[in-house]
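The values are calculated or read from the model by the stated rules, or taken from the named source; none is laboratory data. Keep in mind it's a predicted model, so treat the numbers as computed, not measured. When we count neighbours, we look across all protein chains shown, and the Cβ atoms used for this are built from the backbone with ideal geometry, even at glycine. These area figures cover heavy atoms from the full protein model, side chains too; ligands, DNA and RNA do not enter into them. Shrake-Rupley method; radii C 1.70, N 1.55, O 1.52, S 1.80 Å.
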Amino acid sequence: MPEIFANIPQIKYEGPASKNPLAFKYYDADRVIMGKKMSEHLPFAMAWWHNLGAAGTDMFGTNTIDKSFGASEKATMEHAKAKVDAGFEFMKKLGVKYFCFHDVDLVPEADDINVTNARLDELTDYILEKMQGTDIKCLWGTANMFSNPRFMSGAGSTSSADVYCFAAAQIKKALDLTVKLGGRGYVFWGGREGYESLLNTDVKFEQENIAALMHMAVDYGRSIGFTGDFYIEPKPKEPMKHQYDFDAATAIGFLRQYGLDKDFKMNIEANHATLAGHTFQHELRISAINGMLGSIDANQGDLLLGWDTDEFPWDVYESTMCMYEVLKNGGLTGGFNFDSKNRRPSNTFEDMFYAYILGMDTFAQGLIKAAELIEDGRIDSFVEEKYASFKTGIGAKIRNKETTLEELADYAASLKAPEMPASGRQEYLQSVVNQVLFC
Ligand code: XUL
Ligand code: CO
């Protein structure tokens, strides 16, 4: 089979001094950091939709790059297979070991769901063939329950019982495919699960229906041998004004309320965090302290824009603080999916490779620096010391839940006035981060 990316070599690690644009400067798969290989710390995944599908179209203009990959006609099974060929060549050349997909990224959707499902069976047989003899697997699968017009009023949250059944049918099929392709996880991103106006929306009814659908998905998934995690991918807005999975805290509350918290974790996307008015690190920390940091959609937004720009991550402060959270979490059950797309004018195949090299190097730098921050120990020891008053005396009694409100009030009265807490030392700690980053 002729190569699709014929002028692109195998991408190798050449080190920080290299000026070869088609080489890694920091991502050195076999380098051991804190006892584990970089490739184990960083299970990178290719997002089928952006990498093999998105071709530069935006609200104001059509494609700027041709991603037919040699197929004579787009949106055909020939094209779907050409995308598989392109995707596997791309992943192999970069050493990317995972991919993520929506059902309709794989094949063109037919008017009849039975025809779509038959196409999905045929295409995933082809993917399985391609997987043989490689160590490439699926990271997670999902069903696209937001693009088709039938989902205009939501999927699990729809007002139509028939559409609800179509959502169920797509989830069932996407779960079958995820298991068939060895997927580690299954994602729910509730693109249309939200509302524009309360004048026409019963929020409680819709949330109950979404939870019921998720329960059925868990029951079905477990019945066919899916042992991985289900993930919610929080996002506050776009396409809906209000999305039910606003942020990690909201999604975790929802999962607990409906008894789904044992089977679900979070898939945190950097750009979604900033849209919610949080930092990426905040969303990771909230997930981690609740035992629900599962997987990451590795991208970044533009803080000057209020929408989801899905840019390739290049901010090393962000990737460092992300990897700091991931290392403290003991890793991920999922991985790092580049839910990221080339900018519209970056319209060549080389640009697709430059983008992944940028993203993989940015996370490798983040991993190296986060490990250094942890090994340096100044941040950890500062935080430990900050709460030292809870280690002895009245503080220890509070932590051991051995106090009453009256006892604490009496204690306060005996002090008359407390001493001020010690300095928060934020600027000092920021200079520690800079020192570690730039040494
Ligand atoms: C949309 C988004 C999705 C999910 C999967 O903002 O991030 O691509 O990752 O449906
Ligand atoms: Co995403």
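The table for this structure:
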item	result
Filtered residues of the stretch 314-355 (kept if more than 16 Å from ligand 2 (Cβ to nearest atom) and among the aromatic types (Phe, Trp, Tyr))	Trp314, Tyr317, Tyr324, Phe349, Phe353, Tyr354
Helices (runs of 4 or more DSSP H) fully within the stretch 33-145 counting 1 or more residues that are of a type in the set (Val, Ile, Thr) and in contact with a Pro (Cβ under 6 Å, 6 or more places away or on another chain)	none
The stretch 401-424 residues that are in the same structural domain as Ser389 (by TED's automatic domain parsing), paired with ones that are open to solvent by 60 Å² or more (accessible area, probe 1.4 Å) (beta carbon under 7 Å, 6 or more apart)	Thr403/Lys397; Ala422/Lys386
Qualifying residue in the stretch 96-105 (condition: more than 16 Å from ligand 1 (Cβ to nearest atom) and modelled with pLDDT of 95 or more)	yes
Which numbered condition Phe5 fails, given (1) hydrophobic (A, V, I, L, M, F, W, C); (2) open to solvent by 70 Å² or more (accessible area, probe 1.4 Å); (3) outside the structural domain of Asp310 (by TED's automatic domain parsing)	(2)
The lone exception for Asp28 - which of (1) in contact (Cβ under 8 Å) with a residue 24 or more places away in the chain; (2) touching a Phe, Trp or Tyr at 6+ places or on another chain (Cβ under 8 Å); (3) under 27 Å from Pro345 (Cα atoms) it fails	(3)
Verdict on Glu427 being charged (D, E, K, R) and loosely packed, with under 14 Cβ neighbours inside 10 Å	yes
Residue match in the stretch 35-45 (condition: within 16 Å of ligand 1 (Cβ to nearest atom), buried (at least 18 other Cβ atoms within 10 Å of the Cβ) and within 26 Å of Ala167 (Cβ to Cβ))	yes
Every residue from the stretch 327-368 that is more than 18 Å from Val96 (Cβ to Cβ) and of a type outside the set (Gly, Ala, Ser)	Leu327, Lys328, Asn329, Thr333, Arg343, Arg344, Pro345, Asn347, Thr348, Ile368
Condition broken by Lys130, with the remaining ones in (1) in contact (Cβ under 8 Å) with a residue 24 or more places away in the chain; (2) out of contact with any helix residue (DSSP H, G or I) (no Cβ under 9 Å at 6 or more places or on another chain); (3) more than 16 Å from ligand 2 (Cβ to nearest atom) satisfied	(2)
Filtered residues of the stretch 398-439 (kept if in a loop (DSSP other than H, G, I, E, B), basic (Lys, Arg) and touching a Lys or Arg at 6+ places or on another chain (Cβ under 9 Å))	Arg425
Residue satisfying all of: in the stretch 289-313; more than 24 Å from Asn434 (Cβ to Cβ) and among the small types (Gly, Ala, Ser); nearest to ligand 2 (Cβ to nearest atom) among these	Ser295
Among residues of the stretch 300-343, those that are among the small types (Gly, Ala, Ser) and away from ligand 1 (no atom under 16 Å from the Cβ), counted	3
All positions within the stretch 194-234 that are within 15 Å of ligand 1 (Cβ to nearest atom) and either small (Gly, Ala, Ser) or outside the structural domain of Asp247 (by TED's automatic domain parsing) (or both)	Gly194, Ala217
Within the stretch 13-24, tally of residues that are open to solvent by less than 40 Å² (accessible area, probe 1.4 Å) and either in a strand (DSSP E or B) or closer than 17 Å to Asp351 by Cα (or both)	3
Subset of the stretch 245-260 that is open to solvent by 40 Å² or more (accessible area, probe 1.4 Å) and touching a helix residue (DSSP H, G or I) at 6+ places or on another chain (Cβ under 6 Å) - its residue that is nearest to ligand 1 (Cβ to nearest atom)	Ala249
Whichever residue in the stretch 140-193 is open to solvent by less than 10 Å² (accessible area, probe 1.4 Å) and aromatic (Phe, Trp, Tyr) and, among such residues, is nearest to ligand 1 (Cβ to nearest atom)	Trp140
Any hit, the stretch 344-352, residues being within 16 Å of ligand 1 (Cβ to nearest atom) and not in a strand (DSSP E or B)	no
Whichever residue in the stretch 261-288 is within 15 Å of ligand 2 (Cβ to nearest atom) and of a type in the set (Ser, Thr, Tyr) and, among such residues, is most open to solvent (accessible area, probe 1.4 Å)	Thr274
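For every residue, the table says whether it meets (1) charged (D, E, K, R); (2) within 19 Å of Ser340 (Cβ to Cβ).
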residue	(1), (2)
Asp30	yes, no
Met46	no, yes
Leu52	no, yes
His79	no, no
